[in-house]
Each structure stands twice: as structure tokens, then as C-alpha cells.
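Below: the structure, in C-alpha cells.
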Amino acid sequence: MLYVPCAHAKVNASNVARKTEQATAYPAGLKRFSYMRFYPARNTLPQEPGLIESWTSSPEKAAHIRALAIYFLNMQISMHFYANKTTPSQLTLNYLGVLDGLVGGLKVFDTAQASSFYKKNKEDVDAYFAKIRGNLWPAPSQAQINAWLKLLEKQPRQAGKSVYLFPQYNLLQMPVPTQEVGEFRTSLNSAIQKGGKQVITYERAQASLEDLDNKFVNHQQHVQRTYRWVKDECYYSTYILGRLLADKIAHKKINGYTRVYVLTALPKTGEFLKPASGARFTLANGSNGLHWRYHTALLVIWPSKNGYVPMVLDNFLGGKEPVSLATWLSHFHANTVFTAVPFLRNEKIEEAIKTPTKVQGGNVWIGRTEYEPAPVEN
């Protein structure tokens, strides 16, 4: 399955310098989105490569070549807009976007082998980098490119994906213009309603060792079937919301240059996420949350009339309203890292989300199969 192709905002050489010198009230970390390449949200499923294409080319390798070149470009643009022009020691969430192509797709790019991959494919990576850089940005030195590769190699990873560290200073601050975000508010509440009508099912074999030795036992009788409502599962409710926004972008109800990220918070160390204070996260409804091993929400970078606005759509921590990225981050302890993956439709996820044919008591039915509520770890 191929990752969606990238896009970029329309720019020309004459306005680069002018926009760079805009009022400092508009954060440089947000200005850079006008020039960075990105992977647009699509409302169609990615297509598998055709049989002939799979024989004659390597889609995975080609995607990684493009992704690495786009990483170079987005790093160059980010450093141009930030006051400190030197390569950072690590990537915090302030560098959102530079890892876009390296954390998605059928097979995630192995950033631990970044220098080796570049060395083997240098000619192709350099050519694509030059193509997308055009005349807007000067060619960086080889030493600079090598520094970006080393940065990738030492960036922390979880589950094979590079993560952004918690930003000590948030350089992506911008208040959410509450009077202008109607489509996002509507989509968030539609996703909450949908999530209250759909479930994720789980099936776990519970045959004993004695049963496994008995060929006359019907092992299907020992399968535990449970379910969770989608609205109670942050990952799946985020997916439903992402698809709603992708539809609106496709039908031009939302600006096509809007970036849509599946943003996941993970503990840097330890088993569970830590809140900024206290032992439990305080949810939007005032109750205490469960112990979370991770938490997922939708991060939107929206090009409003006043510039790019980062906002998080999260019915758990934000309720029924979009909240600023700064507000969302304030819930988490500094011992938190983040993956930010451009939204992409996924056939397996969509197959896992089911609409019950019957609900009775606490149980639901999918067709003729009954499911009980899944146990929740407190």
C-alpha cells in the first residue's frame, strides 16, 4: 500500500523574503507551513501497486527516497524560519512535519539506517531534493545534509517510528478562533455521535490445557467475545473523525491545504502516560481518566485567514470543542513523546469498526454473534 503523494502551498521566489519578515506576532514555527511539503488527507483508500509495477520497480524504495528528500527540504525550511540556524540536538514537536514521510506507509523508514540508505541512493535522493527545492532555497552543504541524517539516526523511536520530544517551549502557539471553526466543531461532534453507535470487537481463545488435549471438545465454546464502543477508544474515534475531515477537504468544505495528523502521546519511560499533575488525567467532563499506555487525538494545522492555526480535536481531553495545541499539551507531563502521522485511510481499521445489529442490556450482537463489554483496566 503506497503512502499518498505530497503537496505544498503555492509559493514564488518574490514573496519568500517578504513573508519571512512578517510580524513576529505570527510564530515562525507556523509561518514555515506555507512552504513545507506535506501529505494531504485523502478520502480514498490508498491503491496497491499493480502487478507489472511490482515486477519492474520498488514502490517502497521509491517512497523512501522521496520521503528522505522531503525531510531534507522541510528541515531546511524549518531552520530558515527558526532563529537558531544550527541543526537541533533532537526534534521536539516544534519541528512537526519534518518526519511526515518517514513515519507512514506500508513500511516505516528505518531512521537508524538513514545514512546508509542515503549513501546507497544518494544520486536519486539528491535529484529529487533538487527538484522539489527548485530555485526557492539554496542547496545546503553536504555537511549540513550529513548533520540532518545523524539527527534522524539518534532521534528516539517507539514501535519502530521516530517520535517528537515534548517541547520545553511551544513554538506553535496560536489561539483557536472559536468563531471560525464551525466545520471542525461539527465534524468532532458527528464523530462522537458515530462512535456511540459503533463498536470494536475482540475475540480471545480461552481453552484450557486439558481442553486442548481433548479432541472431542468444541474449542469455539471457549472463545471470549468482547467489545468496546468506538467513542471509548481514542484511536478508533480519532480515525472516524479523520475520515470525516478528509471527506470535507475533498468536497472543499475545508481548505485543501489543511494538514491532518493522527497525534499519539506515549510515555518516554515507564508503562503509562503521566499527567502534568496528579495521578490521573482529568477528562473534559471533569471525571478522572483511566491509566493510559497511549492517547491518540487528531491534530489539525488549519490555514485560516489569520495564518496557520494548530488545534486538537479530542473528545476525551477537549470535549466537544477544538482546543489549541498548547492547551492539549498542558495535560501531559514532560516525560511524554509524540508520533504525528498524516491521516491516511486504512482498510483494516475500517473493517474492524462494526455497527451492532442488536443491543440488549450490556451486550451487543454483530449478526448472530453476541459480545460482552470488554474489561477495562483501572
Checklist entry - Only one of (1) surrounded by 13 or more Cβ atoms within 10 Å (Cβ to Cβ); (2) part of a helix (DSSP H, G or I) fails for A143. Which number is that? => result (1)
Next on the checklist: Could you check region 331-348 and list, in sequence order, the residues that are within 14 Å of F281 (Cβ to Cβ) and of a type in the set (S, T, Y)?
Outcome noted: T336
Next on the checklist: Anything in region 105-137 that is buried (at least 21 other Cβ atoms within 10 Å of the Cβ) and touching a residue at least 60 places away in the same chain (Cβ under 8 Å)? List them, or say none.
Outcome noted: G105, V125, F129
Next on the checklist: Please verify whether L283 is within 22 Å of L329 (Cβ to Cβ), crowded, with 20+ Cβ neighbours inside 10 Å and outside the structural domain of N43 (by TED's automatic domain parsing), treating the condition exactly as stated.
Outcome noted: no
Checklist entry - Just checking, how many residues over region 188-204 are surrounded by fewer than 17 Cβ atoms within 10 Å (Cβ to Cβ) and in a strand (DSSP E or B)? => result 3
Checklist entry - Which of (1) at pLDDT 95 or above; (2) closer than 24 Å to Y26 by Cβ; (3) not polar (S, T, N, Q) does A246 not meet, given it meets every other one? => result (2)
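State whether the residues of region 90-110 include one that is touching a Gly at 6+ places or on another chain (Cβ under 7 Å), outside any loop (DSSP other than H, G, I, E, B) and not assigned by TED's automatic domain parsing to the domain that holds D232.
Initial filter on region 90-110 (touching a Gly at 6+ places or on another chain (Cβ under 7 Å)): 94, 108.
Next, only the ones that are outside any loop (DSSP other than H, G, I, E, B) stay: 94.
Then keep just the ones that are not assigned by TED's automatic domain parsing to the domain that holds D232; that gives 94.
Looking for residues that are touching a Gly at 6+ places or on another chain (Cβ under 7 Å), outside any loop (DSSP other than H, G, I, E, B) and not assigned by TED's automatic domain parsing to the domain that holds D232, one finds at least one in region 90-110, hence yes.
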Checklist entry - Would you pick out the residues in region 99-118 that are at pLDDT 95 or above and in contact with a Phe, Trp or Tyr (Cβ under 6 Å, 6 or more places away or on another chain)? => result D100, L102
Item to check | Evaluation of T296 against (1) out of contact with any Cys (no Cβ under 7 Å at 6 or more places or on another chain); (2) assigned to a strand (DSSP E or B) (one fails), failing number | outcome: (1)
Next on the checklist: Looking at region 68-83, I want the residues that are assigned by TED's automatic domain parsing to the domain that holds V108 and under 13 Å from A147 (Cβ atoms) and have a partner that is aromatic (F, W, Y) and at pLDDT 95 or above with Cβ atoms under 7 Å, at least 6 apart or on another chain. Which pairs are those?
Outcome noted: F72/F129; F72/W148; M75/W148
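The values are calculated or read from the model by the stated rules, or taken from the named source; none is laboratory data. Nothing here was measured: the structure is a model prediction, and the numbers come from that model. Methodologically, a virtual Cβ is constructed for each residue, glycine included, from the backbone with ideal geometry; neighbour enumeration extends over all protein chains shown.
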